[in-house]
């Protein structure tokens, strides 16, 4: 029974990490995280949220950045957009 549940979950969720980026060869991926975050928002501002290649940047920064940073950045972005 547990094997069936595990295979169902493995089909439902696909875990991926960001691919190697030669601009950031070191272990510390902080700059890589920030660059993907910035690239995502540049991409959606230029092409719109429905543009598929933009989603790659989003997946990368979600994979590389600590969850707390992602939550803080999203909260700060929404606060900035609604305060005006």
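The values are calculated or read from the model by the stated rules, or taken from the named source; none is laboratory data. Here the structure is a predicted model, which is why all the values come from computation and not from measurement. For neighbour counting, all protein chains shown are included, and Cβ atoms are generated from backbone atoms with ideal geometry for every residue, glycine included.
Which of the residues belonging to the range 64-84 are part of a helix (DSSP H, G or I), surrounded by fewer than 10 Cβ atoms within 10 Å (Cβ to Cβ) and at pLDDT below 80? Of everything in the range 64-84, those that are part of a helix (DSSP H, G or I), surrounded by fewer than 10 Cβ atoms within 10 Å (Cβ to Cβ) and at pLDDT below 80 turn out to be 79, 80, 81, 82, 83. Pairing residues of the range 28-50 that are on the phi > 0 side of the Ramachandran plot with residues that are part of a helix (DSSP H, G or I) and surrounded by 12 or more Cβ atoms within 10 Å (Cβ to Cβ), at Cβ distances under 9 Å and at least 6 apart in sequence or on separate chains, gives 48/54. Restricting attention to the range 8-42, the residues being surrounded by 10 or more Cβ atoms within 10 Å (Cβ to Cβ), more than 23 Å from residue 72 (Cα to Cα) and either within 14 Å of the chain's Cα centre (by Cα) or modelled with pLDDT under 85 (or both) number 2.
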